[in-house]
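K.L.:
Handing you a structure now.
The values are calculated or read from the model by the stated rules, or taken from the named source; none is laboratory data. All of these numbers come straight from a predicted model, not from anything done at the bench. Please note: Cβ atoms are built from the backbone with ideal geometry, for glycine as well, and neighbour counts cover all protein chains shown.
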Amino acid sequence: MKLKAIIFDFDGVIHDTFELVYGLMAETVGNGLTKEEFRDLSDGNVHDHDRINKNHINQYFQKQGKEYDYLKLEENIKLFLEEIEKQFTLFIVSSNQEAVLDVYFHNNNFTHVFTEVLGVETHTSKIAKFDHIFEKHDLRVDECIFVTDTLGDIREGNKVGLRSIAVDFGFHERKRLEKGSPYKIVSSFDELEKVIGSL
């Protein structure tokens, strides 16, 4: 089946927010959360993790909003997204807030590329957000591919039969990503472009 749509995770893929998110989450959760423990939170859906409760999430979101106001989208990523948008319909599926991502893309003058940006306001489950995209935009799962940086995301994609391309420059390293058996693992946007071009 011909590829028609590419679904992107945001944090760790479109923007390297690892240190920012870790710092805010460690401050919110407390108990000396280490970087490795923080990475473990994304082995599944972070919103379902037993170490994270709704109060933690609410506190984290209150803190993060202002921080994202100052983030700058890299020019090479802009060019990459603008180029592939000529061929494919692009979406964002994130565990972050749509409101924060909307401000991010507005501040970077980059609101024209993604057909929809879906975050926690739509649902905490990425499975539900994938299903929303398939149904609303009349797409088959094999006409889409998901680009992400975490094992938990790959696992959610697997549950609906959605192939994933994992990037190892985000929150999770290659060895951890391999546990989800993604379609491919890449280390740069140049590699990502080549994989997409081969589909």
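K.L.:
Taking interchain pairs and intrachain pairs at least six residues apart, which have beta carbon atoms under 6 angstrom, with the first residue in segment 66-79 and over 20 Å from LEU192 (Cβ atoms) and the second in a helix (DSSP H, G or I) and hydrophobic (A, V, I, L, M, F, W, C)?
P.N.:
Pairs found: GLU67/LEU20; TYR68/VAL100.
K.L.:
Restricted to segment 39-59, and to residues that are at pLDDT 85 or above and closer than 17 Å to PHE10 by Cα, which residue is surrounded by the fewest Cβ atoms within 10 Å (Cβ to Cβ)?
P.N.:
GLY44
K.L.:
Considering (1) modelled with pLDDT of 95 or more; (2) in contact with a helix residue (DSSP H, G or I) (Cβ under 6 Å, 6 or more places away or on another chain); (3) not in a helix (DSSP H, G or I), say which one ARG176 fails and leave the rest.
P.N.:
Only one criterion in (1) modelled with pLDDT of 95 or more; (2) in contact with a helix residue (DSSP H, G or I) (Cβ under 6 Å, 6 or more places away or on another chain); (3) not in a helix (DSSP H, G or I) is unmet by ARG176, namely (3).
K.L.:
Determine whether ASP168 is modelled with pLDDT of 95 or more, closer than 24 Å to ASP43 by Cβ and touching a Lys or Arg at 6+ places or on another chain (Cβ under 6 Å).
P.N.:
On the way: modelled with pLDDT of 95 or more: yes; closer than 24 Å to ASP43 by Cβ: yes; touching a Lys or Arg at 6+ places or on another chain (Cβ under 6 Å): yes.
Yes, satisfied.
K.L.:
Same structure again: Any residue that is in contact (Cβ under 8 Å) with a residue 60 or more places away in the chain, assigned to a helix (DSSP H, G or I), within 26 Å of ILE127 (Cβ to Cβ) and in contact with a Phe, Trp or Tyr (Cβ under 9 Å, 6 or more places away or on another chain) - is there at least one of those in segment 29-37? Full working, then the answer.
P.N.:
Taking segment 29-37 as the starting set, the residues that turn out to be in contact (Cβ under 8 Å) with a residue 60 or more places away in the chain are none.
Checked segment 29-37: no residue is in contact (Cβ under 8 Å) with a residue 60 or more places away in the chain, assigned to a helix (DSSP H, G or I), within 26 Å of ILE127 (Cβ to Cβ) and in contact with a Phe, Trp or Tyr (Cβ under 9 Å, 6 or more places away or on another chain).
K.L.:
Within segment 86-103, is even one residue surrounded by fewer than 16 Cβ atoms within 10 Å (Cβ to Cβ), touching a residue at least 24 places away in the same chain (Cβ under 8 Å), closer than 20 Å to THR148 by Cβ and in the same structural domain as ASP153 (by TED's automatic domain parsing)?
P.N.:
no
K.L.:
Scanning segment 1-19 for residues that are over 11 Å from the mean Cα position of the chain (by Cα) and within 23 Å of LEU139 (Cα to Cα), which turns out surrounded by the most Cβ atoms within 10 Å (Cβ to Cβ)?
P.N.:
My answer is ILE6.
K.L.:
Further question on the same structure: I'm told LYS54 meets every condition in (1) over 24 Å from LYS175 (Cα atoms); (2) in the same structural domain as ASP149 (by TED's automatic domain parsing) except one. Can you identify the failing condition by its number?
P.N.:
(2)
K.L.:
Which of the residues that make up segment 114-145 are surrounded by fewer than 16 Cβ atoms within 10 Å (Cβ to Cβ) and within 23 Å of PHE80 (Cβ to Cβ)?
P.N.:
Those that are surrounded by fewer than 16 Cβ atoms within 10 Å (Cβ to Cβ) and within 23 Å of PHE80 (Cβ to Cβ): THR115, HIS137.
K.L.:
Scan (1) within 13 Å of the chain's Cα centre (by Cα); (2) in a loop (DSSP other than H, G, I, E, B); (3) more than 14 Å from ASN45 (Cβ to Cβ) for the single condition ASN109 breaks and write down its number.
P.N.:
(1)
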